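Heads up: the structure comes next, in C-alpha cells.
The values are calculated or read from the model by the stated rules, or taken from the named source; none is laboratory data. Since we're looking at a predicted model, the values are computed, not measured. In this analysis, Cβ positions are derived from the backbone assuming ideal geometry, glycine residues included, and neighbour counts consider all displayed protein chains. We work out accessible area using only protein heavy atoms, side chains counted, and drop any ligands, DNA or RNA first. Shrake-Rupley method; radii C 1.70, N 1.55, O 1.52, S 1.80 Å.
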Amino acid sequence: MQAFWIQAGFIPRARQLAALLGLAVAYIAAARFGLWLAAFMHPSVSAIWPASGLALAALVLFGRRLWPGVLLGAFIANWVDLDWHTALTIGAGNTLEAVTALWLLNRFDKFHSRLERMRDVIKLALFAAPVASLVSAVVGVAALVMSGLLPAERFAQAGWSWWLGDIIGCLLFAPPLMVCYHYWQSGKYAAPAVEVWVVLALMLVLTGLPITGLDILPGRDGGHYQLFVFVIWAALRLGLPATTLVILCAAALATASTLMGSGTLVHHVAYPVLVNLQTMLVMIALSGLLVAAAIAERKHTEWQLDQLARFDTLTGLANRAAFQEYLDRATAHAQRHGGNVALLYLDLDHFKNINDTLGHQAGDELLQIVAARIKASVRNEDYVARLGGDEFTVLVIGNQAARAAAAVAQKILQTLNEPVSLLGRDYIMSASIGISALRGSITTTGGTVILDDAQELMRQADTAMYRAKQQHCGFLYFNSSMNIAGKRQLFLESGLRRALEHNEFELYYQPKIHVTKGHITGAEALLRWRHPRSGIIGPDRFIADIETTSLIEPVGEWVLREACQQMVAWCHAGLAGQRVAVNLSARQFSQPDLLLVVDQILQETGLKAGNLELEISETTAMSDAGQTLKILTALKQRGVHLCIDSFGTGYSSLGYLKRFPIDAIKIDHSFIQELGRDNDAAAIVTAIIQLAHSMSIAVIAEGVETTAQRDFLVQHGCDEIQGFLYSMPLPAEDYAELFGQHA
Ligand SMILES: Nc1nc2c(ncn2[C@@H]2O[C@@H]3COP(=O)(O)O[C@H]4[C@@H](O)[C@H](n5cnc6c(=O)[nH]c(N)nc65)O[C@@H]4COP(=O)(O)O[C@H]3[C@H]2O)c(=O)[nH]1
C-alpha cells in the first residue's frame, strides 16, 4: 500500500506540503514575536525581525522550493494588522528577501552553512544579509506608505530600522539554526559543557547588574559592551554551535536590558538608542561568528595537516609514520605487560607491471581497491597501514595474535584473489605476506625471541615476505634461518648493483656452427660477472637473483646494448655474416617497453635488426602465449631473428608454436646430453627436429659435447650446433679469432 503512495508521488508531495505549512507556522510565530518585541513607529515595522533568519536558514538547509511557506507565513503574520493587499506586498518582500539572500550566498562559490569558513560568514553578514534585507525594507516600508499607514516623511527612518531589523534577524537567528542543524545531523550531539553554563551565567549576572541597582556598567543606551567579552570567549573556546547560542543569549540580554531599562516597549525608546542597540546586536553577531569561523578554519587546517602527516592520501589508511608510531607503542606495551603482537607485511606481486602497462591511474585505483579489501578482511581493532608503493602492513594485537595472523593472511590473500576490474578488463591480483610475531616478555617461554624494538619486528616481517615472494607460497612466518638467506640475498643484491656501476659484467660469446656447411652462423652472448675477489662468476649463480629484483631491467639492457655494439664492431672489423643472440629473461620479456628498448638500442648502435637474435625460453613463451604472440610479431616486423630456447623443458601448445613467427628452436642441452644413453631422449630429439622442420623452423642443438651427439644430430637433420665440442663461451677477442679461423 505504501509502495503505491510512494509510486504515485504522494508521500514526497505530502512531506513537502507539511514542510511548507510547518515553515509558514514557524514564520508566523517568529514574525509575531518580532513585532511584539520590537515594533517601532508602526505595529508592522520591527527593529528585530527573527523571521528573516528563520526563512533564510530554512531555504539554505532544505532548498529554495520552500519559498511558498515563507510567503504564506509572512502574509498571514502581517494580515493580522493590515489589509490583505498590503500584507501580501510585505509578504512578497519578505519572500524575495529570503530567495535573494540564498541566491547571493551561492553567487560566487557554494555557501557552506556550517559557517566554518571566514568567507561564508563574510558572505552572509556583509553581503547577502544587507543586500537582501534592503529588498524587504524598501518593499515593506513603501507598501505601508502607499497604503497611507505610515507618513511619507518617516520613510527613511522606518526603512533604516526595518533594514537593520532584518539584518539582525539574519545574523542572530539563521546561524544557530544552520549550525545546530548540522551539529544534530552529525550525530555527535553532546550536552553543553560546564563552561557554556558559566559563560551564560556570568553574562546574565553582569547584564542584570543595572536592574539590581548596581549600575556599574553602561547599558541603558543600548551599548552593552561587556557582552563582547563573553561572545569572544565562547568563539575562542566553545565551538560554533555554542557560540551561536551565546550570541543569541547576549543579544537577548542586550535587548531585554535596553527595553526593560526603558520600562516599556521599543516605540518608547528614543530612535538613537534603538539604532545603537541594533548596531550593537549586529556587531555582537558579526564579531562572534567571525572569530568562531577563524578558529574553526584554523582547526580544520590543523586537522588537514594532521591527516596529511598521518594518513595516506590515496587509500585513507594510516601512513608509514603513523604506523611506526603505533607499532612502537604496541611493542612497548607488549614487552612491558605481556601479550602478543603480530605484524603482517604485504607486498603485491607484479604491481609494477600493472602500473607500467595500464598506467599510474589504474595503478592508483588498484591500490585503493586493495586497501579496501584488506580493511574489509580484518577486524576493526586490527591496524592497517600503507607504507608506500604496493606495501601494506596489518598489526594484530591480542593473546592469540601470533596464531590469528595466519588466518588473517589467508583471508587477505583470498579477497585479493577476487578479480579486479581495471579499464574494463578483469585482473587477478596476488600478494606475498611475511609475518613476524612478538610475544611479550611476561608470556615468553621456550626460545621465543624477545625483540629489542619495533624495527626488528618490521625487518623480520619484511624478510619473511621476501621469502614468501620467492617461494610463491602466499605467506610465511619469519624464522631465524631466513636471516642467513636474507643476508646472503642482501649481500648479493648490493654486489650486483655495484657490479653494474663498476662495469664488472662481461659478455662471453659461444659460437653456433652450421651442421652441414661447418661455418659459424653467429654467437650466443652469455653474461659473466668478473667479481673483484671471486673472479669470474657464471650466470647460473646470479641471474635468478637478478630476476627477483628491479636490477634485471638495467642489466638486461646492458647485455643487449653491449652485444649489439660488439657485433657492430665485428662487422666493421670484417667479421660479417653472423648474428648475435641475446637471452631475454621472463621479466624482461614482459616489460611493456621492451620494443622501445630494442628499437632504441638498434638505433643507437646502428646494428641491423637481422643481425640480432633474441632467445626466450619455452616456459616464458608459453606463460602468456597470447601476449608472446603479439610481442614476437612486433619483433619479427622489425626483422629481428627469434629463437625459442631450452625447447622440450616446458609445455608447448602446438597451436601457438605454429603461430609464433619464430626462426628457430633450441633443443635443451639435457636431451642432447642423454643421447646415446637414453632412447627416450633420442626419440624426443628426433620428434622435435621433425616437428620444427614441418613448420619450417630451424633447429639448434645446445650443449653438444661429443662427436656421437653431433653425429646423431647431423643424421637427423639438425641445422645448427652449439656446445663445448666446438667451443666454450669465449671472451670477445678470442671469439673474433675463432670466427676468423672459420671464415
Ligand atoms: N654442460 C654444458 N654446458 C654448455 C655447453 N655449451 C654451452 N653450455 C652452457 O649452456 C648455457 C647456454 O645458455 P642458455 O641455455 O641460454 O642458459 C643461460 C641463460 O639462460 C642464462 N643467461 C646467460 N647469460 C644471460 C643473459 O645475458 N641474460 C639472461 N636473461 N640470461 C642469461 O644463464 C644460463 C646459463 O648460462 P651459462 O652458464 O653461460 O651456460 C651456457 C653455456 O655456457 C656444453 O657443451 N655443455
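On the Cα set of segment 34-158, report Rg and Dmax in Å, please.
14.8, 45
What distance in nm separates the simple spin-label points at Ser623 and Asp593, each placed 7 Å from Cα in the Cβ direction?
Label-label distance for Ser623 and Asp593, simple model: 2.0 nm.
Can you pull out the trypsin sites (Lys or Arg not before Pro) in segment 80-134 whose DSSP state is coil and whose Cβ has at most 10 other Cβ atoms within 10 Å? Please list the in-between numbers first.
Working: sites: Arg107, Lys110, Arg114, Arg117, Arg119, Lys123; in loops: Arg107, Lys110, Arg114, Arg117.
In loop regions of segment 80-134 (DSSP not H, G, I, E or B), the sparsely surrounded trypsin sites (Lys or Arg not before Pro) are Lys110.
Could you tell me the accessible area of Ser623 in Å² (1.4 Å probe, neighbours in place), rounded to the nearest ten?
100 Å²
Calculate the dipole size of segment 8-173 relative to its Cα centre from +1 charges on Lys and Arg beta carbons and -1 charges on Asp and Glu beta carbons; express the result in debye to the nearest 20.
Numbers: 12 positive and 8 negative charges, 132 e Å.
The dipole magnitude comes to about 640 debye.
Report the label-to-label distance for Ser430 and Ala708 in nanometres (one decimal), using points 7 Å from each Cα along the Cα→Cβ vector.
4.2 nm
Could you report segment 661-701's accessible area per residue, 1.4 Å probe, as an integer in Å²? Each step should come with its number before you reach the end.
Values: 1740 Å² over 41 residues.
Heavy-atom accessible area per residue stands at 42 Å².
Restrict the search to segment 682-732; then list the chymotrypsin sites (Phe, Trp or Tyr not before Pro) that DSSP places in a loop and that have at most 15 other Cβ atoms within 10 Å of their Cβ. Intermediate values should be presented prior to the final figure.
On the way: sites: Phe712, Phe724, Tyr726; in loops: Phe724, Tyr726.
Sites meeting the loop and neighbour criteria: Phe724.
Within 15 Å, Cβ to Cβ, of Gly434, how many net charges do the neighbouring residues add up to if Lys/Arg are +1 and Asp/Glu are -1?
-3
At 10 °C and 1.306 mPa s, grab the translational diffusion coefficient of segment 74-145 from Stokes-Einstein with a Kirkwood Rh over Cα pairs, rounded to a whole number in µm² per second.
Numbers: Rh = 13.0 Å.
Rounded to a whole number, D works out at 122 µm²/s.
So, with +1 on the Cβ of K and R and -1 on the Cβ of D and E, and no other charges, what is the size of the charge dipole of segment 320-478 about its Cα centre, to the nearest 20 debye?
Numbers: 15 positive and 17 negative charges, 84 e Å.
The dipole magnitude comes to about 400 debye.
How large is the helix-only mean residue ellipticity at 222 nm for the chain, computed as the sum of -39500 (n - 2.57) over DSSP H runs with n ≥ 4, divided by its residue count, in deg cm²/dmol to the nearest 500?
Working: 29 runs with 437 residues, N = 743.
Counting only the DSSP helices, I get -19500 deg cm²/dmol.
Answer with one residue from Ala87, Leu507, Phe647: the one whose Cα lies farthest towards the positive end of the charge dipole of the chain, charges on Cβ with Lys, Arg +1 and Asp, Glu -1.
Looking along the dipole axis, the top candidate is Ala87.
Express in Å², to the nearest 10, the accessible area of His669 obtained by rolling a 1.4 Å probe over the protein heavy atoms while all chains stay in place.
80 Å²
Of all trypsin sites (Lys or Arg not before Pro) in segment 530-624, which ones are in loop regions per DSSP and have a Cβ with at most 16 other Cβ atoms within 10 Å? Please report the intermediate quantities before stating the final value.
Numbers: sites: Arg530, Arg533, Arg541, Arg561, Arg579, Arg587, Lys608; in loops: Arg533, Lys608.
Hits after loop and neighbour filter: Arg533, Lys608.
Local charge sum around Gln400 (other residues, Cβ-Cβ under 14 Å, Lys/Arg +1, Asp/Glu -1)? All intermediate terms of the calculation are to be shown ahead of the outcome.
Values: positive: Arg379, Arg403, Arg439; negative: Glu381, Asp382.
Residues close to Gln400 contribute a combined charge of +1.
Write down the radius of gyration of the chain and its Dmax, each obtained from C-alpha positions, in Å.
42.3, 129
Assigning unit charges at the beta carbon (Lys, Arg +1; Asp, Glu -1) and nothing else, what dipole magnitude in debye, to the nearest 20, does the chain show about its Cα centre? Let's see the in-between values first.
Details: 55 positive and 64 negative charges, 521 e Å.
Roughly 2500 debye, rounded to the nearest 20.
Given a Förster distance of 25 Å, report the FRET efficiency between Phe228 and Lys299 from their Cβ-Cβ distance, rounded to the nearest 0.05.
Once rounded, the FRET efficiency stands at 0.70.
How many nm separate the modelled label positions at Ala573 and Val194, each set 7 Å beyond the Cα in the direction of the Cβ?
9.3 nm
Counting only complete DSSP H runs, which helices of the chain cover 27 Å or more along their long axis at the Cα atoms and score a mean Kyte-Doolittle of -1.0 or above? Write out the running numbers ahead of the final one.
Numbers: long enough: 10-38 (41 Å, 1.25); 84-105 (31 Å, 0.88); 155-185 (43 Å, 0.68); 240-262 (33 Å, 1.59); 271-310 (57 Å, 0.59); 480-501 (32 Å, -0.30); 552-572 (30 Å, 0.11).
Span-like helices, by this rule, are 10-38, 84-105, 155-185, 240-262, 271-310, 480-501, 552-572.
Could you list the square roots of 5 times each eigenvalue of the Cα gyration tensor of segment 320-478, that is, the equivalent ellipsoid semi-axes, sorted largest first and rounded to whole Å? Can you show the working numbers first?
Values: eigenvalues 177, 41, 36 Å².
Semi-axis lengths for segment 320-478 are 30, 14, 13 Å.
Placing +1 on the Cβ of each Lys and Arg and -1 on the Cβ of each Asp and Glu in the chain, which of Phe724, Val138, Ala58 has its Cα farthest towards the positive end of the resulting dipole?
Val138
If you stretched the chain out fully between Ala544 and Thr633, how much longer would it get, using 0.36 nm times the residue separation minus the C-alpha to C-alpha distance? Let's see the in-between values first.
Details: separation 89, 0.36 × 89 = 32.04 nm, distance 2.70 nm.
Separation in residues times 0.36 nm, less the Cα-Cα distance, equals 29.3 nm.
Which one, Ala401, Gly389, Met465, projects farthest toward the positive side of the charge dipole computed for segment 320-478 from Cβ point charges (K/R +1, D/E -1)?
Of the listed residues, the answer is Ala401.
Could you rank Val80, Val699 by how accessible they are, 1.4 Å probe, largest area first? Can you show the working numbers first?
Values: Val80 95, Val699 0 Å².
Ranked from most to least accessible, the order is Val80, Val699.
Ignoring any ligand, DNA or RNA, what whole percent of the accessible area of the chain comes from carbon and sulfur when the probe is 1.4 angstrom? Mind showing how you got there, number by number?
Working: 20960 of 35180 Å².
Roughly 60 percent, rounded to a whole number.
Among the listed pairs Lys411/Lys630; Lys375/Lys630; Lys411/Lys469; Lys110/Lys299; Lys469/Lys636; Lys110/Lys375, which are separated by more than 28 Å between their Cα atoms? Before the final figure, lay out the partial values.
Details: Lys411/Lys630 36 Å; Lys375/Lys630 38 Å; Lys411/Lys469 17 Å; Lys110/Lys299 21 Å; Lys469/Lys636 34 Å; Lys110/Lys375 34 Å.
Table pairs above 28 Å Cα-Cα are Lys411/Lys630; Lys375/Lys630; Lys469/Lys636; Lys110/Lys375.
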